[in-house]
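Okay, so here's the structure we're looking at.
The values are calculated or read from the model by the stated rules, or taken from the named source; none is laboratory data. From a predicted model like this one, the values you see are computed outputs, not experimental measurements. Quick reminder, even Gly has a Cβ in these numbers, built from the backbone with ideal geometry, and neighbours come from all protein chains shown.
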Amino acid sequence: MKLDILAIGAHPDDVELGCAGTIAKEIKNGKKVGILDLTRGELGTRGTPEIRSQESKKASDILGVSIRENLDFKDAFFKNDQEHQLEIIKKIRTYKPEIVLCNAITDRHIDHGKGSKLVSDACFLSGLKKIETKDNAMQQAPWRPKLVYHYIQWMPIEPDFVVDISDHMDTKIKSVMAYGSQFYDADSKEPTTPISSKNFLDSIEYRAADLGRLIGVRYAEGFTVERYVAVDSIFNLI
Ligand SMILES: [Zn+2]
């Protein structure tokens, strides 16, 4: 199956927090979108890998993604090296996405910046034909996504462009709340973490509202790019 967009996150829930509105919008527009999680978030303070796996399935159903896979890298300890790059290259060559969305280039959790660079490097290397990979014993053809965009998560990074997600904010919040073990729940007996506070849950809404305010819409998500943003026509900007 060929995908239009492959969204990749270091942990299950990164993609939902960073770019679920954009994904929901593109799926509504008829695009095929998949999610690839690098780890199971097994070192997360709350929940268990099994619970997070069920939660990410629920979030995937809410968004309507075509595939969701997990590379089972080690939470916190995966590296940006040949072994890990090759695993991602295999997925890129299997699904041939035009656009890859990945973690913020720097963030509070070390896996975000590390995962961001790992994915970005793998996207470049995937286009080199002398790097040989196989899928079910079949040689894979090289494939380089046209564009790599980084979504924004914990740190308030200034975006290079923003996407109007006003009609998809409800879907985004629902997909985030599918991770019931991770986020604010007044009845939870689990330890409190930076992302389980009421303030963090509220921040998803008010940060999207603030980006929206700056472009004259209700809600938006921001992204950074590794090269200049190019447009066919200056009239295409909203
Ligand atoms: Zn994360």
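General observations
- Residues considered: E190, E132. Of these, the only one that is over 24 Å from F78 (Cα atoms), out of contact with any helix residue (DSSP H, G or I) (no Cβ under 8 Å at 6 or more places or on another chain) and among the charged types (D, E, K, R) is E190.
- Within region 190-202, residues that are farther than 20 Å from D170 by Cα reach partners that are surrounded by 11 or more Cβ atoms within 10 Å (Cβ to Cβ) and of a type outside the set (S, T, Y) with beta carbons closer than 7 Å, at six or more positions or on different chains, in the pairs E190/R46; P191/R46; T193/R46; P194/F200.
- Residue in region 56-70 that is within 13 Å of the ligand (Cβ to nearest atom) and part of a helix (DSSP H, G or I) present: yes
- Taken over region 133-155, the criterion of being within 16 Å of the ligand (Cβ to nearest atom) and not polar (S, T, N, Q) is satisfied by H150, Y151, I152, W154, M155.
- Of all residues in region 75-115, exactly one satisfies the criterion of being buried (at least 22 other Cβ atoms within 10 Å of the Cβ) and among the hydroxyl-bearing types (S, T, Y), namely Y95.
- Put simply, of G30, G18 the only residue that is more than 13 Å from the ligand (Cβ to nearest atom) and either modelled with pLDDT of 95 or more or surrounded by fewer than 20 Cβ atoms within 10 Å (Cβ to Cβ) (or both) is G30.
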